[in-house]
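*Asks:* So that we are looking at the same thing, I have put the structure below in structure tokens.
The values are calculated or read from the model by the stated rules, or taken from the named source; none is laboratory data. Just so it is clear, the model here is predicted, and its values are computed rather than measured. Cβ placement follows ideal geometry from the backbone for every residue including glycine, while neighbour counts extend to all protein chains displayed.
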Amino acid sequence: MRARGRTSSFVLARGDDERALLEEFRDERGGDQVTLLGDEAIAALPVAAGTVTGAALLPLDLRVDPREAVPALAAWLSDRGVRFHRGTHVGRIESTEGAVVVRTSRGDLRGRRAVHAVGHDVDRLFPDLAEEWSVHRCRLQMLEVDAGDLRLESALLTGTSMLRYGGLSAMPSAARVRERIARESPELLDVVMNLMSTQRPDGALVLGDTHHYARTPPPFDDEHDAELLLREGARLFGRPLRVLWRWRGIYATSPRAEFLVAEPAPGLRVVSVTSGIGMTTAFGLANTMVDDLLR
Ligand SMILES: Cc1cc2nc3c(=O)[nH]c(=O)nc-3n(C[C@H](O)[C@H](O)[C@H](O)COP(=O)(O)OP(=O)(O)OC[C@H]3O[C@@H](n4cnc5c(N)ncnc54)[C@H](O)[C@@H]3O)c2cc1C
């Protein structure tokens, strides 16, 4: 399969505490993983002039367009003999005498091993497991916006991202960043904002996101979140943004672990990324899982 990803991300600091955090991150990971930008490179970033106090380039990050990548992956697997049973509901999974039986809306599938990977719907077939792991649903609101002629080659993360991603939030300065944001803009913490952006091939910017947690999310999206996101996006890029699309997404979350991996019966694994990093970590997790099952 041909990789058509774009590489690298920037993490922007807009305050001394955020810049200190990036320096700590560089010291921990090393210059080949985290490169701090000089003044000239910072001035060339497509964001509001004079607002950035420091920036880190993460050159190893790879970015793909999910709208292309997911169907391409499915086609690649199909070509190699993987059979997809589309439009098929799994209603029950049983494990008996060395076999796993998956009862579907189109009949039974039998095998020696099975992986049940249904994202946030673990509680549908395995309610006890979901309760044991405290699996909840995290509802995100995101926007796709028109930013005119702005060009953004890499993904862009900001101070609120530093509070979300484990590698960054583990740095000593994270507490100072959180305290300042809580003081200056508590509304961002109320909606658990992670202000970040990438550019789609057609030039539109994806702007994310806010988070709400519940076992079952309500059907309503709060316009207040969208307004905050748009306000912060316009502040970041120093230009007005026009909303093209609004959408919500849901992923699994758990206070107990970033990854749920359980073996409720011999030969059966229940797997869910319970932290919103399932796109990034899926290939590593899937590898480990299959190796473990076949061992
Ligand atoms: C808005 C948003 C932004 C995100 N941003 C990021 C990010 O920046 N980086 C990152 O790494 N991750 C991100 N994530 C998280 C990531 O998308 C998820 O962790 C990942 O998609 C989980 O993949 P999965 O295959 O485990 O589950 P899913 O993608 O949820 O797929 C599960 C599939 O199982 C099917 N299914 C469920 N129950 C049954 C059943 N009984 N029978 C048959 N089929 C069933 C569902 O229909 C679904 O197709 C984001 C998620 C959202 C919603």
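*Asks:* Under 9 Å between Cβ atoms, which residue pairs at least 6 apart in sequence (or on different chains) link something in the range 72-99 that is farther than 17 Å from Ala114 by Cα with a partner that is at pLDDT 95 or above and polar (S, T, N, Q)?
*Replies:* Sorted first by the residue in the range 72-99, then by its partner, the pairs are Gly87/Ser105.
*Asks:* Name the single residue, out of those in the range 100-128 being more than 10 Å from the ligand (Cβ to nearest atom) and part of a loop (DSSP other than H, G, I, E, B), that is nearest to Asn287 (Cα to Cα).
*Replies:* Of everything passing the filter in the range 100-128, Arg113 is nearest to Asn287 (Cα to Cα).
*Asks:* Being in contact with a Gly (Cβ under 8 Å, 6 or more places away or on another chain) and either assigned to a strand (DSSP E or B) or over 22 Å from Gly276 (Cβ atoms) (or both) is the filter here; which residues of the range 212-249 pass it?
*Replies:* First, pick out the residues of the range 212-249 that are in contact with a Gly (Cβ under 8 Å, 6 or more places away or on another chain): 229, 239, 241.
Correct list: Arg239, Leu241.
*Asks:* Looking only at the range 182-211, count every residue that is in a loop (DSSP other than H, G, I, E, B) and either modelled with pLDDT of 95 or more or not basic (Lys, Arg) (or both) and tell me the total.
*Replies:* Pass one, the range 182-211, residues in a loop (DSSP other than H, G, I, E, B): 185, 191-195, 200-204.
Filter once more, so that each one left must be either modelled with pLDDT of 95 or more or not basic (Lys, Arg) (or both): 185, 191-195, 201-204.
Qualifying residue count, the range 182-211: 10.
Condition check ((1) in contact with a Gly (Cβ under 6 Å, 6 or more places away or on another chain); (2) modelled with pLDDT of 95 or more; (3) within 16 Å of the ligand (Cβ to nearest atom)) across all residues:
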position	(1), (2), (3)
Ala56	no, yes, no
Glu68	no, no, yes
His85	no, yes, yes
Val90	no, yes, yes
Gly98	no, no, no
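*Asks:* Still on this structure, please answer the following. Tell me which residues, restricted to the range 93-105, are touching a Ser or Thr at 6+ places or on another chain (Cβ under 7 Å) and surrounded by 12 or more Cβ atoms within 10 Å (Cβ to Cβ).
*Replies:* Of the residues in the range 93-105, the ones touching a Ser or Thr at 6+ places or on another chain (Cβ under 7 Å) are 104-105.
The answer is Thr104, and nothing else.
*Asks:* A further question on this structure: Name the residue that is surrounded by the fewest Cβ atoms within 10 Å (Cβ to Cβ), counting only residues in the range 35-92 that are within 25 Å of Ala155 (Cα to Cα) and among the polar types (S, T, N, Q).
*Replies:* Among those residues, the one meeting the criterion is Thr51.
*Asks:* For a quick check of your reading of the model, give me the residue pairs whose first member lies in the range 272-295 and is free of Cβ contacts under 8 Å to residues at least 60 places away in the same chain and surrounded by 15 or more Cβ atoms within 10 Å (Cβ to Cβ), whose second is basic (Lys, Arg) and not in a helix (DSSP H, G or I), with beta-carbon atoms closer than 9 Å and at least 6 apart or on different chains.
*Replies:* The qualifying pairs do not exist here.
This table checks each residue for (1) more than 16 Å from the ligand (Cβ to nearest atom); (2) surrounded by fewer than 14 Cβ atoms within 10 Å (Cβ to Cβ); (3) over 23 Å from Thr280 (Cβ atoms).
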site: Glu179; (1), (2), (3): yes, yes, yes
site: Val191; (1), (2), (3): no, no, no
site: Met196; (1), (2), (3): no, no, no
site: Thr216; (1), (2), (3): no, yes, yes
site: Gly233; (1), (2), (3): no, no, no
site: Arg239; (1), (2), (3): yes, no, yes
site: Leu260; (1), (2), (3): no, no, no
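*Asks:* Which of the residues that make up the range 271-284 are within 18 Å of Phe126 (Cβ to Cβ) and either more than 11 Å from the ligand (Cβ to nearest atom) or not in a strand (DSSP E or B) (or both)?
*Replies:* Step one: list which residues in the range 271-284 are within 18 Å of Phe126 (Cβ to Cβ), which gives 271-274, 278.
Result: Thr274, Gly278.
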